[in-house]
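The values are calculated or read from the model by the stated rules, or taken from the named source; none is laboratory data. Source: prediction; values computed, not measured. Cβ coordinates were reconstructed from backbone atoms using ideal geometry, including for glycine residues, and neighbour counts include every protein chain displayed.
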Amino acid sequence: MKTAAQPWQAVIGLEIHAQLSTASKLFSGAATAYGADPNTQASLVDCAIPGTLPVPNREAVRKAIQFGLAIDATIARHSVFARKNYFYPDLPKGYQISQYELPVVGAGRLSVRVDDGRTIEVLIQRAHLEEDAGKSVHDAFHAETGIDLNRAGTPLLEIVSAPVMHSAAEAVAYMRTVHTLVRWLGICDGNMQEGSFRCDCNVSVRRSGDTQLGTRTEIKNVNSFRFVEKAIEYEIERQIRALENGDSIVQETRLYDPTRHQTRPMRSKETADDYRYFPDPDLPPLTIAEADIARERTALPELPQARRVRYVTELGLPEADADQLCSDRATADYFEAVLAALPGQAKLCANWVLGEVAAKINEAVIEISAAPVTADGLAQLLTRLREGSISGKIAKDVFAAMWNGEGDADAIIQARGLKQISDTGALAAAIDAVLAEYAGQVADYRNGNEKLLQFFVGQTMKRTRGQANPQQLNELLKQKLAGN
Amino acid sequence: MNPVSIASISAELAAQRVSALELTDQALARAEHAAALNSFIRLDADAARGAARSIDAMRANGSDLQPLAGIPFAHKDIFCTRGIATTCGSRMLQNFVPPYDAHVVERLAQAGAVSIGKTNMDEFAMGSSNESSAYGAAANPWDHTRVPGGSSGGSAAAVAAGIVPFATGTDTGGSVRQPAAFCGITGLKPTYGRVSRYGMIAYASSLDCAGVLARSAADCAVVLDAIAGFDARDATSVERPGERTAAALSQPLAGLRIGVAREYFSGGVQADVADRVHAALRELQRCGATLVDIGLPNAHHAIAAYYVIAPAEASSNLARYDGVRYGHRAAQARSLDELYSLSRAEGFGAEVQRRILVGTYALSAGYYDAYYLRAQKVRRLIAEDFATAFAGVDLIAGPTAPTTAFRIGEKSGDALAMYAADVNTVAVNLAGLPAISVPAGFADDGLPVGLQLIAPAFAEARLLNAAHQLQQATDWHLQVPAGTP
């Protein structure tokens with residue numbers, strides 16, 4: 001009896017290129033800053049002037065070690081730089097210095113939370129150091145191509161996952177986790193528009209239960225989470241459709257077209273270059289002392305995964321809050337700095353950091369480190385809120401004023417006279433005045449129209465310019481209206 | 001006493017019996033006079049005179065000057081010189097003017113030596129005869145119908161002809177030692193890593209080594225001391241502070257064990273060349289050294305390993321000459337592929353193209369293991385041979401080259417015959433060791449013969465001392481071609 005075909009299973013592996021945030025290039029002293037005038041950050045080495053030689057940047061090596069330790073990988077005591085040979089105008093030496101057989105970071109793993117709440121373990125096969133190429137500029141000169149070598153030689157860490165992900169959602173979750181981690185470690189700025197963090201997606205499909213991998217395609221240079229998701233979704237569907245139509249998959253490199261949300265072939269592997277990798281004879285094997293590894297291990301910060309667990313188990317935060325706070329080390333550190341001033345108020349602090357602060361940051365499109373309201377400033381505001389000096393609503397107004405640079409919380413509360421009126425005498429006087437002014441409504445209320453209570457609350461708030469302690473106001477009003 | 005030693009010229013300068021300018025003018029005049037040798041690709045008379053004048057002025061002011069101050073010399077045209085065209089013997093770099101000085105250029109300028117120009121060489125240092133130069137073959141001062149050897153042929157000829165007391169060279173597979181032997185002068189190849197390669201245009205990076213061509217071992221020592229030392233710009237440069245060779249040349253040879261490698265006397269070695277080398281070894285024996293018969297069992301694999309590894313590295317090192325940023329650019333290219341293929345076909349000569357093709361093949365998928373990887377294994381075996389031998393001896397000796405200088409054109413059509421000329425020199429590069437070629441008299445054809453001495457890594461002082469002691473006892477190195485001033 002013929003059984004029905006098993007459902008399709010996608011198999012995805014990612015090669016992530018993270019630009020290491022070093023001041024100078026991987027093999028030259030030239031600066032790595034983005035956006036400089038063309039060829040102003042290209043040294044003789046970057047231009048491959050005859051006779052020049054590469055010298056490894058130890059800072060880039062340190063950052064690679066940090067990444068390796070953070071994914072629990074083996075750091076190679078001896079790794080080898082290799083040349084990848086091919087001709088291209090923006091590749092000045094005619095080869096790229098990379099690592100091939102012996103990478104600096106060996107196999108490691110990363111725990112990844114997927115949107116549907118599952119946690120998957122992603123095996124990272126290796127991470128290696130390599131230099132970036134320059135850029136071809138096609139629109140600056142009529143009928144000619146310009147070459148900008150500012151990017152040539154910029155250090156990259158290529159992070160290669162095993163083909164262990166099975167959906168676009170898993171792949172994106174993994175990519176986000178790596179993105180968070182490299183920024184958390186401070187080894188990459190993660191800026192995807194500037195190309196500091198980009199990825200190649202290897203995609204294949206097979207019938208569930210098959211042990212052999214299907215023929216894969218590689219989607220090159222995708223530089224946003226959304227594009228990765230769309231590109232992989234499209235590619236899975238395309239491959240399944242092809243196989244169901246009886247076609248076969250061609251192993252090839254494809255490009256993602258973000259306007260059409262499609263992938264299309266770039267070049268076939270059959271005609272692909274033979275890169276003729278061999279150990280770079282200009283560079284002795286990269287040697288890393290055990291002591292250097294130990295030093296980096298000691299200096300490693302608490303990692304996002306560990307911190308997330310601590311927020312849930314020790315601080316009692318909901319998982320969603322912990323996830324969000326730990327999506328970025330600066331945010332988590334900001335949260336902890338606020339919390340330090342308000343022990344036991346984790347949820348309040350989380351609400352404010354993920355609420356008011358996050359909203360303002362998103363609106364201004366800035367990093368939390370650049371927020372005009374510091375963690376100390378927010379802590380002062382939340383302290384006043386907790387004391388009952390101001391209401392929640394006033395607190396939000398004060399926060400807005402702080403954001404606009406009007407001063408710290410106390411100064412704004414003072415200047416605007418926003419201190420909550422909790423003094424029964426003052427509040428009673430205000431209520432009396434309102435009740436006297438609206439004698440008709442008072443009569444209605446007393447005749448059973450209790451909905452008017454909110455009207456009196458509003459009027460009293462207006463009279464006190466919002467400073468009345470709402471709870472006290474409610475109680476006092478009810479007493480007064482009851483005729484006491 | 002050698003009348004033309006650097007030490008004696010230095011003494012004349014110090015005593016102000018001669019000026020740097022006079023020496024420079026003399027060297028330039030001799031170079032013009034010996035133009036038929038084609039030993040120079042360019043002379044820089046104005047720059048040389050300027051440098052000489054400033055040394056003379058410093059001396060007049062009583063400045064403390066180094067031994068090389070005011071001594072004229074020449075650079076092989078493989079060393080980048082700021083503002084001065086550096087062709088590497090190639091049409092590809094005919095108009096290449098480096099924006100910087102090589103480490104060796106800087107060091108010799110700091111020492112006050114006066115460069116009068118750039119010497120002829122095999123294109124990209126690929127050759128053993130100087131015939132692959134895009135600027136024409138150079139001639140051997142002993143017989144103008146003969147090659148001076150290569151690739152540092154112009155440097156060797158310029159020193160042998162008495163134009164300059166010394167010249168820089170590079171040695172990837174014998175390119176300093178073999179021309180020194182052919183021209184009857186002394187040529188030193190230091191330990192790999194001893195002298196920075198920064199600014200030395202690459203042929204085969206793991207083998208390339210800056211060296212010195214001079215009249216004597218003592219002169220080589222003075223120049224080595226000026227150019228050696230750690231340089232952070234070359235990742236293969238080695239830190240060995242405080243080592244001076246020139247001051248350590250008066251050690252007696254009693255107790256020195258010299259291994260005579262039987263493989264170096266086998267095969268195609270000319271009988272009279274072998275005789276002269278044995279005679280030189282007997283001189284060393286008279287100086288107190290002990291001769292020990294030794295074997296280097298993998299020596300005969302050296303040529304095969306070298307001619308895989310060197311072209312493989314060259315195929316990658318020379319990829320940068322693509323017509324995009326500098327160097328020759330084809331005028332007729334209609335596409336990117338044509339820009340590459342035409343620029344490189346027009347810019348590179350036949351031997352360079354041959355080695356690029358061989359090297360590309362050796363690194364290709366499917367061939368890498370059989371060629372490149374296997375050659376690396378042989379390289380390791382060769383290094384182990386030396387290590388084993390040096391457990392029992394202090395130096396290893398043999399003929400530098402199997403023959404005397406051959407005729408111009410004699411081997412230029414036969415690449416394999418040409419490669420065989422390197423049979424005794426390439427193993428030293430594969431192992432990264434220091435070696436020297438010193439004159440050992442003349443073969444039956446009247447042409448110079450070279451004795452090669454090889455030392456363990458960083459034992460240049462021992463090597464130069466042995467060569468110096470030999471030269472104290474003999475006068476082969478003092479012989480000059482007829483007509484030499």
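The rows are residues; the columns are (1) under 24 Å from B:Val324 (Cα atoms); (2) among the polar types (S, T, N, Q).
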| site | (1), (2) |
| --- | --- |
| A:Asp72 | no, no |
| A:Ser79 | no, yes |
| A:Pro92 | yes, no |
| A:Tyr95 | yes, no |
| A:Glu101 | no, no |
| A:Ser111 | no, yes |
| A:Asp115 | no, no |
| A:Val122 | no, no |
| A:Glu130 | yes, no |
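Please specify each residue of region B:352-386 satisfying the condition of being aliphatic (A, V, I, L, M), within 30 Å of B:Pro456 (Cβ to Cβ) and more than 10 Å from chain A (Cβ to nearest Cβ).
Looking only at region B:352-386, we keep the residues that are aliphatic (A, V, I, L, M), and these are B:352, B:356-358, B:362-363, B:365, B:370, B:373, B:375, B:378, B:381-383.
Right, trim to within 30 Å of B:Pro456 (Cβ to Cβ) and you get B:362, B:373, B:375, B:378, B:381-383.
Across region B:352-386, the qualifying residues are B:Ala375, B:Val378, B:Leu381, B:Ile382, B:Ala383.
Being at negative phi, surrounded by fewer than 23 Cβ atoms within 10 Å (Cβ to Cβ) and within 14 Å of chain B (Cβ to nearest Cβ) is the filter here; which residues of region A:31-44 pass it?
A:Pro38, A:Ser43, A:Leu44
Whether any residue in region A:43-56 is under 28 Å from the mean Cα position of the chain (by Cα), closer than 27 Å to B:Asn317 by Cα, assigned by TED's automatic domain parsing to the domain that holds A:Thr211 and not aliphatic (A, V, I, L, M) is what I want to check.
no
Give the residues of region B:271-298 that are assigned to a strand (DSSP E or B) and of a type in the set (Asp, Glu), sorted by residue number. Working first, answer last.
Going residue by residue through region B:271-298, those that are assigned to a strand (DSSP E or B) are B:290-294.
Within region B:271-298, B:Asp293 is the sole residue that qualifies.
Of everything in region B:234-252 that's more than 14 Å from chain A (Cβ to nearest Cβ) and not small (Gly, Ala, Ser), which residue is surrounded by the most Cβ atoms within 10 Å (Cβ to Cβ)? If you could, list the steps in order and put the result at the bottom.
Initial filter on region B:234-252 (more than 14 Å from chain A (Cβ to nearest Cβ)): B:240-252.
Next, from what is left, pick out any that are not small (Gly, Ala, Ser): B:240-241, B:243-245, B:249, B:251-252.
Working: B:Arg240: 14, B:Pro241: 6, B:Glu243: 14, B:Arg244: 12, B:Thr245: 24, B:Leu249: 20, B:Gln251: 15, B:Pro252: 11.
Here the answer is B:Thr245.
Do we find a residue being within 11 Å of another protein chain (Cβ to nearest Cβ) and within 27 Å of A:Thr287 (Cβ to Cβ) anywhere in region A:63-81? Quick ask: steps written out before the conclusion?
First, pick out the residues of region A:63-81 that are within 11 Å of another protein chain (Cβ to nearest Cβ): A:81.
Remaining after also requiring within 27 Å of A:Thr287 (Cβ to Cβ): A:81.
Yes, that holds for at least one residue.
For region B:90-130, enumerate the residues that are of a type in the set (Asp, Glu) and crowded, with 24+ Cβ neighbours inside 10 Å.
B:Asp122, B:Glu123 - these are the residues of region B:90-130 that are of a type in the set (Asp, Glu) and crowded, with 24+ Cβ neighbours inside 10 Å.
Give the residue, chosen from B:Gly174, B:Gly193, B:Gly187, that is surrounded by fewer than 24 Cβ atoms within 10 Å (Cβ to Cβ) and within 19 Å of B:Thr425 (Cβ to Cβ). Show your work before the answer.
Numbers: B:Gly174 fails: surrounded by fewer than 24 Cβ atoms within 10 Å (Cβ to Cβ); B:Gly187 fails: surrounded by fewer than 24 Cβ atoms within 10 Å (Cβ to Cβ).
Exactly one of B:Gly174, B:Gly193, B:Gly187 is surrounded by fewer than 24 Cβ atoms within 10 Å (Cβ to Cβ) and within 19 Å of B:Thr425 (Cβ to Cβ), namely B:Gly193.
Output the number of the condition that B:Ala331 fails; it satisfies all remaining conditions of (1) away from chain A (no Cβ under 13 Å); (2) closer than 16 Å to B:Leu93 by Cα; (3) crowded, with 21+ Cβ neighbours inside 10 Å; (4) not charged (D, E, K, R).
Exception for B:Ala331: condition (3).
With respect to A:Arg384, determine if the residue is out of contact with any His (no Cβ under 9 Å at 6 or more places or on another chain), closer than 27 Å to A:Ile120 by Cβ and either surrounded by 17 or more Cβ atoms within 10 Å (Cβ to Cβ) or assigned by TED's automatic domain parsing to the domain that holds A:Gly190 (or both).
no
Would you call B:Ala221 buried (at least 22 other Cβ atoms within 10 Å of the Cβ), part of a helix (DSSP H, G or I) and more than 12 Å from chain A (Cβ to nearest Cβ)?
Yes: the conditions hold for B:Ala221.
Run down B:Asp414, B:Asp394 and say which single residue is acidic (Asp, Glu) and within 20 Å of B:Tyr192 (Cβ to Cβ). Let's see the steps before the verdict.
Values: B:Asp414 fails: within 20 Å of B:Tyr192 (Cβ to Cβ).
Being acidic (Asp, Glu) and within 20 Å of B:Tyr192 (Cβ to Cβ) holds for just one of B:Asp414, B:Asp394, which is B:Asp394.
When you check B:Val324 against the structure, is it β-branched (Val, Ile, Thr), within 11 Å of another protein chain (Cβ to nearest Cβ) and either closer than 30 Å to B:Ala466 by Cβ or in a loop (DSSP other than H, G, I, E, B) (or both), yes or no?
yes
Do we have any residue at all in region A:82-96 that's away from chain B (no Cβ under 14 Å) and either free of Cβ contacts under 8 Å to residues at least 60 places away in the same chain or part of a loop (DSSP other than H, G, I, E, B) (or both)? Full working, then the answer.
So in region A:82-96, the residues away from chain B (no Cβ under 14 Å) come out as none.
Checked against the condition, which is being away from chain B (no Cβ under 14 Å) and either free of Cβ contacts under 8 Å to residues at least 60 places away in the same chain or part of a loop (DSSP other than H, G, I, E, B) (or both), region A:82-96 yields no hits at all.
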